[in-house]
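Report on the following structure.
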Amino acid sequence: MILTGDPDLWAIVMLSLQVSVLAVLISAVIGMPVGAALAVARFPGRRALIILMNALMGFPPVVVGLLVYLMLSRSGPLGVLELLYTPTAMIIAQTVLVTPIVAALTRQVIEMLAEEYSEQLRSLGVSRLASVPVLLWDARLALVTALLAGFGRAIAEVGAVIIVGGNINHVTRVMTTTIALETSKGNLALALALGTILIGIAVAVNAAVSALTLRTEQEGLRHA
C-alpha cells in the first residue's frame with residue numbers, strides 16, 4: 001500500500017501532517033514568547049506559573065479533548081463557530097497539548113542563555129524584555145529541537161483528536177485514529193502501513209533532534 005501510492009492511505013498521512021504542523025506552528029507563536037518572557041522576567045507568581053506550565057506538559061490528552069469538545073459543542077461558548085468534528089478542532093486540541101511543551105523547553109533554553117549573556121546585555125543597556133528577540137534568535141537551533149519535540153507529541157496523539165475530530169472518513173481521519181479503528185476491525189494491512197509510516201516519522205524526528213542537539217553543543221564549544 002505504501003509503495004503503490006494508495007490514495008486513501010496517503011490522504012490520511014497528509015491530513016495528519018497538515019494538522020500537526022499547523023498545531024506546532026501556532027504553538028511556536030504562542031509558546032516561544034511566553035517561555036522566553038518567563039525566562040527573563042521577574043515578577044510575583046513567576047515560580048507558580050513555571051510550575052503550572054511544567055505540569056501542563058503532562059496534561060492527559062483525553063481531558064484536553066474533553067475540554068475542547070465542551071468549548072466547541074453547540075452548547076459551548078464557541079459552538080456558534082461550528083468547528084467540532086473538523087480538522088480545525090483537531091488543530092486546536094493539539095495546540096493546547098503542544099504549547100506547554102514548547103513554552104517550557106523555550107524557558108529552559110532562554111534562561112540558560114540569559115545567564116550567559118547577562119553582563120553583555122546590561123553593558124549595552126538592553127532591558128530584560130527587550131533582550132527576548134535577541135535571545136530567541138541566538139537560541140534558534142535549540143528552539144527547533146523544542147518544536148520537533150512538540151511535533152512528535154502532536155503526530156502521535158490519538159485521545160484528544162478522536163474526541164474533537166470524530167474520526168470521520170475523508171474528513172478528520174488521521175494516522176493514529178485510523179490505526180486504532182482499523183485494528184479493531186481486523187483490517188491489519190492499512191493499520192500496519194500507517195504504523196510503518198508513523199514509526200518512520202518518529203525516527204526521522206528523533207534523528208533531527210539528535211543532529212540539532214549535537215550541532216548546538218558544537219557551536220557552544222566554539223563560542224566557549
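The values are calculated or read from the model by the stated rules, or taken from the named source; none is laboratory data. None of these values were measured; they are calculated from a predicted model. Note: ideal-geometry Cβ built from the backbone for every residue, glycine included; neighbour counts use all protein chains shown. To get the accessible areas, we keep the full protein, side chains included, count just its heavy atoms, and leave off ligands, DNA and RNA. Shrake-Rupley method; radii C 1.70, N 1.55, O 1.52, S 1.80 Å.
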Inset, instruction - Output yes when any residue across region 12-24 is assigned to a helix (DSSP H, G or I) and either touching a strand residue (DSSP E or B) at 6+ places or on another chain (Cβ under 8 Å) or closer than 28 Å to residue 117 by Cα (or both), and no when none is. - result: no
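Here is a check on your reading of the model: is residue 84 crowded, with 19+ Cβ neighbours inside 10 Å and closer than 22 Å to residue 177 by Cβ?
Values: crowded, with 19+ Cβ neighbours inside 10 Å: yes; closer than 22 Å to residue 177 by Cβ: yes.
Taking the combined requirement at face value, the residue satisfies it.
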Inset, instruction - For region 157-173, name all the residues that are aliphatic (A, V, I, L, M) and surrounded by fewer than 18 Cβ atoms within 10 Å (Cβ to Cβ). - result: 168, 171
Inset, instruction - Report whether or not residue 84 is closer than 13 Å to residue 164 by Cα and not in a helix (DSSP H, G or I). - result: yes
Legend entry - Options 154, 146, 193; residue that is crowded, with 21+ Cβ neighbours inside 10 Å, in a helix (DSSP H, G or I) and in contact with an Asp or Glu (Cβ under 9 Å, 6 or more places away or on another chain): 193
Inset, instruction - May I ask you to verify whether residue 106 is under 22 Å from the mean Cα position of the chain (by Cα), assigned to a helix (DSSP H, G or I) and more than 17 Å from residue 59 (Cα to Cα)? - result: yes
Legend entry - Restricting region 174-190 to residues that are within 22 Å of the chain's Cα centre (by Cα) and of a type outside the set (Val, Ile, Thr), the residue that is surrounded by the most Cβ atoms within 10 Å (Cβ to Cβ): 175
Inset, instruction - Check off (1) crowded, with 20+ Cβ neighbours inside 10 Å; (2) assigned to a helix (DSSP H, G or I); (3) not polar (S, T, N, Q) for residue 62 and give me the number that stays unchecked. - result: (1)
Inset, instruction - Considering every residue within region 149-161, establish whether at least one is within 26 Å of residue 32 (Cα to Cα), charged (D, E, K, R) and touching a residue at least 60 places away in the same chain (Cβ under 8 Å). - result: yes
Inset, instruction - Determine the pairs where a residue that is over 12 Å from residue 28 (Cα atoms) and open to solvent by 30 Å² or more (accessible area, probe 1.4 Å), located within region 91-113, has a partner that is at pLDDT below 95 and outside any helix (DSSP H, G or I) with Cβ atoms under 6 Å apart, the partner being 6 or more residues away or on another chain. - result: 109/139
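Restricted to region 109-130, and to residues that are assigned to a helix (DSSP H, G or I) and of a type in the set (Gly, Ala, Ser), which residue is nearest to residue 52 (Cα to Cα)?
Taking region 109-130 first, the residues assigned to a helix (DSSP H, G or I) are 109-123, 129-130.
After this cut, where a residue has to be of a type in the set (Gly, Ala, Ser) as well, the list is 114, 118, 123, 130.
Values: 114: 22, 118: 26, 123: 33, 130: 25 Å.
The qualifying residue nearest to residue 52 (Cα to Cα) is 114.
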Legend entry - Candidate set from region 25-49 (those that are free of Cβ contacts under 8 Å to residues at least 40 places away in the same chain, open to solvent by 40 Å² or more (accessible area, probe 1.4 Å) and not in a loop (DSSP other than H, G, I, E, B)); member that is nearest to residue 194 (Cα to Cα): 25
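Scanning for something open to solvent by 60 Å² or more (accessible area, probe 1.4 Å), in a helix (DSSP H, G or I), in contact with a Leu (Cβ under 7 Å, 6 or more places away or on another chain) and within 22 Å of residue 212 (Cα to Cα), does region 131-139 turn up at least one residue?
Looking only at region 131-139, we keep the residues that are open to solvent by 60 Å² or more (accessible area, probe 1.4 Å), and these are 133-134, 137-138.
If we keep only those that are in a helix (DSSP H, G or I) as well, we get 133-134, 137-138.
In the following step, the residues that additionally are in contact with a Leu (Cβ under 7 Å, 6 or more places away or on another chain) were identified as 138.
Narrowing the set further to residues that are within 22 Å of residue 212 (Cα to Cα) leaves 138.
Yes: one or more hits.
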